[in-house]
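The values are calculated or read from the model by the stated rules, or taken from the named source; none is laboratory data. For clarity, every value in this text was computed on a predicted model and none was experimentally measured. Cβ placement follows ideal geometry from the backbone for every residue including glycine, while neighbour counts extend to all protein chains displayed. Note: areas computed on protein heavy atoms with side chains; ligands, DNA, RNA excluded. Shrake-Rupley method; radii C 1.70, N 1.55, O 1.52, S 1.80 Å.
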Amino acid sequence: MNLKAVTAAFKQQGIQFLADPQWIIPSIIAPFMFTIVALYMHTDLTGPVVLTAVLGGGVLGMWGNMLFASGFTITYDRYNGTIEPIMMTPSHMIDVIAGRSIWNALIGLLNAVLVFISAEAIFGVGVSLADPLMFFAMLVLTLFALASIGLMLAALFVLTRASFVVMTILQFPIYVFSGALFPIQQLGVFAPISYVLAPTWSVDALKIAAIGHGDTIVSLGLSFNVAIAFVLMAFYIAAAYFLFKIIERNIRESGALVRY
Amino acid sequence: MSEIIIVEGVVKKYGDRAAVNGLDLRVNEGEIFGFLGPNGAGKTTTVRVISTLTDYSEGSVSVGGHDILKDPKEAKKLMGVIQQHISLDTDLTVRENMMHHAMMHKIPKSERMRRINELADYVGLDEYMDKMINTLSGGWKKRAATVCSLLHKPKVLFLDEPTVGLDVQARRLLWDIIRKLNDNGTTIFLTSHYIEEVEALCDRVGIINDGKLIALGTPSELCNKLGSTAVEYYGADNKTEYKYFTSREEANEFASSLGDVKTVIIRNTNLEDCFVELTGKSVSGP
């Protein structure tokens, strides 16, 4: 891996984020709006339900940010015509995506932390955490779990002109199936879908770190959740790597690096 | 003189259509090589294939002795490309774009700023360095793209239709930059459909049509194949005709023999004549 390329992509993503105010909507405003609505809905409730509302806002912030940023990672370059100069450098495409994903992850994490702080500051419904340090660690794990799905989707987004539509469609299913919105047992026959999502296990680990127990049917403790999340993340990353290889080969064959 | 680009029997197909069809081409180190062809002839595809952006179906390509499929990293280090469309990040300033390119090319931190400043000075971009790309005119964007493509000191610079959309002044300034780069040892591979551009800049010219190289030589060699003198006449049938002769005397004699014509011009044969004859008549038909 070329660290200079990773750093360059990280900086570029940062500048683009700050230069283009549209990202504030999915990354900052939407999660806050959701948290506010969820907290109003649960005004009279306490404990795990409030945790779900606050967690939901935080996870939505992270996922929204990761999804839009990942989806746009390659699409942006194809719009701008800047993907070809990148492909002509000795750096790998994966270096660029890694650098950008690190920036997105940091913004996602910042967003989640801000949601938690504002829930406490504005609504006075801060969640008392059983293990704050572990909670923060699990927050980072959740972020990377979401990022790994985003990375895989980033490759698929290259194939479609309708990447914005797909991004919008995908925003809520992950949120629902990961158990961030409500316990996955309530999904009934659809619950198995949740088990192949790394965020399900990391969100559950978040709940274990916060209140001492999670929601998954197969609950063997925090370490088990972390292990499963890592296995699934490794699978997503491997899938993303191979997808990028295949897509890169196909677009070189078709000469369609810039399609728009 | 050593050959820096060697293309042998390259075929690139899109579906059933061959965009490049058995192309053989050799470009010498230190020359300005012009690649001419009508729209859709295969110029851009050839540049994309050589610069590793597009795969090819058959044949082989090497740049600076490095096979572009077996050793793409080393080949890429030797090449810079200025594309037909502006390929700069519009959310970044000129300097930020250059810095990004420098880092992607793994240029050490200690050298980055020095090289950027040197090249910006070289193309006269100094005062625009902190401006956003979108605020620049086409000519200045092209210069910024030129700097980005030169940061890693490539031995070969590809320019794909570099002056499309530029005004006359911007075009001539870019020509000067190309000449200056070549004087400093950079091999230039230029595609264009502006024949006067190729005539003004290039040491040798290749003409491609339907994916095949149909002529190769210096501009004067190509013109002399037709005949050094051209007679251009606009006849009673309201159509301009062209005839080529090996001497001015023969041309004069022919012009005198013309009966009812409105205009007759006797002049030296130029590359445009050669291009039209080869691509418009001999190869593609009238």
**Asked** Within the set of pairs 6+ apart or on separate chains, which have a first residue in the stretch A:4-22 that is touching a residue at least 24 places away in the same chain (Cβ under 8 Å), a second that is surrounded by fewer than 19 Cβ atoms within 10 Å (Cβ to Cβ) and among the polar types (S, T, N, Q), and C-beta atoms under 8 Å apart?
**Response** none
**Request:** Mind listing whichever residues of the stretch B:98-108 are facing chain A (nearest Cβ under 9 Å) and either at negative phi or hydroxyl-bearing (Ser, Thr, Tyr) (or both)?
**Result:** B:Met99, B:His100, B:His101, B:Ala102, B:Met103, B:Met104, B:His105, B:Ile107, B:Pro108
**Among (1) aliphatic (A, V, I, L, M); (2) at pLDDT 95 or above; (3) under 16 Å from B:Ile208 (Cβ atoms) - the single one B:Ala19 does not satisfy** = (2)
**Message:** Show me the helices (runs of 4 or more DSSP H) entirely contained within the stretch B:50-161 in which 1 or more residues are closer than 30 Å to B:Lys13 by Cβ, open to solvent by 20 Å² or more (accessible area, probe 1.4 Å) and modelled with pLDDT of 90 or more.
**Reply:** B:72-77
**Request:** Kindly establish whether B:Ala18 is at negative phi, aliphatic (A, V, I, L, M) and surrounded by 23 or more Cβ atoms within 10 Å (Cβ to Cβ).
**Result:** no
**Request:** Inspect the stretch A:122-135 for any residue being in a helix (DSSP H, G or I), more than 14 Å from chain B (Cβ to nearest Cβ), over 18 Å from A:Met233 (Cα atoms) and among the acidic types (Asp, Glu) and give the result as yes or no.
**Result:** no
**Asked** Looking at the stretch A:66-118, which of its residues are polar (S, T, N, Q) and either within 14 Å of chain B (Cβ to nearest Cβ) or open to solvent by less than 10 Å² (accessible area, probe 1.4 Å) (or both)?
**Response** A:Ser70, A:Thr73, A:Thr75, A:Asn80, A:Thr82, A:Thr89, A:Ser91, A:Asn104, A:Asn111
**Request:** Go over the candidates B:Met103, B:Met98 one by one and state the one that is of a type in the set (A, V, I, L, M), in contact with a Cys (Cβ under 7 Å, 6 or more places away or on another chain) and under 21 Å from A:Ile83 (Cβ atoms).
**Result:** B:Met98
